[in-house]
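Enquirer: Below is a structure I'd like to ask you about.
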Amino acid sequence: MSALKILVIPGSLRSGSLNARLAAVAAHELAQAGAEITRISLADFPLPIYDGDLQAKSGVPKHAVNLKRMMAAHHGVLIVTPEYNSSVPALVKNTIDWVSRVQDAHETRGQVFRDRVFAIAAASGNRLGGARALAALRLILSACHAQVIPNQFALAFADDAYDEMERLKNAADSEGLKALARQLIDVSQRMM
Ligand SMILES: Cc1cc2nc3c(=O)[nH]c(=O)nc-3n(C[C@H](O)[C@H](O)[C@H](O)COP(=O)(O)O)c2cc1C
């Protein structure tokens, strides 16, 4: 059987991003559990704000098509999102909006969401850890008919969550992330 491939997408472009750091730890956990990991930055897939006129005139931008194809080349996707004003940042929503408009030959629009497994995580400096962004992201992905695993992970007080080796200091956090990684791998394997 070919290796299980998981794509990890941090939903922040900021240098030192708490979510990019969590995505790196999650990628490590997934790799430890046996998956082949690709961790990207959305900085490499810049997209204009979705505009139906733009799509009608020029089609879906190539970065959205490329990102969709990269997703399609993986069995599972982990999105690690910041929380902005109790929801997902525009970057995350806009990226999903564009990718959901991609339609390659012999497939229906947005099929890439329906055919694979998603997991979601968040990091924030406050005690909720981005839980409201996770609720919003689960709703958005569900609207795209994605299979989002029941486990999710919200890292609270994320600016003080790491030790000097960039590992999660708190055992409960570490276990929570491992459980997410295990479930993503288990469910993705069943979809292979
Ligand atoms: C516009 C804006 C709105 C924010 N709203 C929230 C919020 O509702 N809940 C929260 O926990 N943090 C909120 N924050 C703080 C972010 O969680 C914090 O900036 C975090 O570091 C962003 O993620 P990043 O470090 O991965 O870039 C907000 C930040 C910005 C810039």
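Here, each number is a calculation from the coordinates, and none is a lab measurement. Source: prediction; values computed, not measured. Glycine gets a Cβ as well: all are built from the backbone with ideal geometry, and neighbour counts include every protein chain shown.
Enquirer: Conditions first: (1) more than 16 Å from Pro82 (Cβ to Cβ); (2) in a helix (DSSP H, G or I); (3) touching a helix residue (DSSP H, G or I) at 6+ places or on another chain (Cβ under 9 Å). Thr108 passes all but one, so which condition is the exception?
Expert: Of everything listed in (1) more than 16 Å from Pro82 (Cβ to Cβ); (2) in a helix (DSSP H, G or I); (3) touching a helix residue (DSSP H, G or I) at 6+ places or on another chain (Cβ under 9 Å), Thr108 misses just condition (2).
Enquirer: Which members of segment 81-120 meet the condition of being of a type in the set (A, V, I, L, M, F, W, C), closer than 25 Å to Asp51 by Cα and within 16 Å of the ligand (Cβ to nearest atom)? Walk me through how you get there before you give the answer.
Expert: Step one: of segment 81-120, the residues of a type in the set (A, V, I, L, M, F, W, C) are 88, 90-92, 96, 98-99, 102, 105, 112-113, 117-120.
Adding the requirement that they be closer than 25 Å to Asp51 by Cα leaves 88, 90-92, 96, 98-99, 102, 105, 112-113.
Across segment 81-120, the qualifying residues are Val88, Ala90, Leu91, Val92.
Enquirer: Separate question: Taking the condition of being within 19 Å of Leu141 (Cβ to Cβ) and either in contact with an Asp or Glu (Cβ under 8 Å, 6 or more places away or on another chain) or among the aliphatic types (A, V, I, L, M) (or both), how many residues in segment 22-59 meet it?
Expert: Result for segment 22-59: 8.
Enquirer: Additional query: Any chance you could count how many residues in segment 1-55 are closer than 21 Å to Lys169 by Cα, in contact with a Pro (Cβ under 6 Å, 6 or more places away or on another chain) and more than 15 Å from the ligand (Cβ to nearest atom)?
Expert: We begin by selecting, within segment 1-55, every residue closer than 21 Å to Lys169 by Cα; these are 10, 16-33.
Pick out the ones that are also in contact with a Pro (Cβ under 6 Å, 6 or more places away or on another chain) and you get 19-20, 23.
Among the residues that remain, those that are also more than 15 Å from the ligand (Cβ to nearest atom) are: none.
Summing the residues that are closer than 21 Å to Lys169 by Cα, in contact with a Pro (Cβ under 6 Å, 6 or more places away or on another chain) and more than 15 Å from the ligand (Cβ to nearest atom) in segment 1-55 gives 0.
Enquirer: Here's another thing I want to ask about it. Could you please let me know if Ala179 is in contact with an Asp or Glu (Cβ under 8 Å, 6 or more places away or on another chain) and surrounded by 12 or more Cβ atoms within 10 Å (Cβ to Cβ)? Spell out how you get there, then give the answer.
Expert: Details: in contact with an Asp or Glu (Cβ under 8 Å, 6 or more places away or on another chain): no; surrounded by 12 or more Cβ atoms within 10 Å (Cβ to Cβ): yes.
No.
Enquirer: Pairs needed: first member in segment 14-25, free of Cβ contacts under 8 Å to residues at least 24 places away in the same chain; second member anywhere, not hydroxyl-bearing (Ser, Thr, Tyr) and not in a helix (DSSP H, G or I); C-beta distance under 8 Å; at least 6 residues apart or different chains.
Expert: Correct list of pairs: empty, since none qualify.
Enquirer: Something else about it: Got a sec? Which helices (runs of 4 or more DSSP H) wholly within segment 44-101 have at least 3 residues that are among the charged types (D, E, K, R)?
Expert: Values: elements: 52-58, 62-72, 90-99.
Where helices (runs of 4 or more DSSP H) fall fully within segment 44-101 and carry at least 3 residues being among the charged types (D, E, K, R), they are 62-72.
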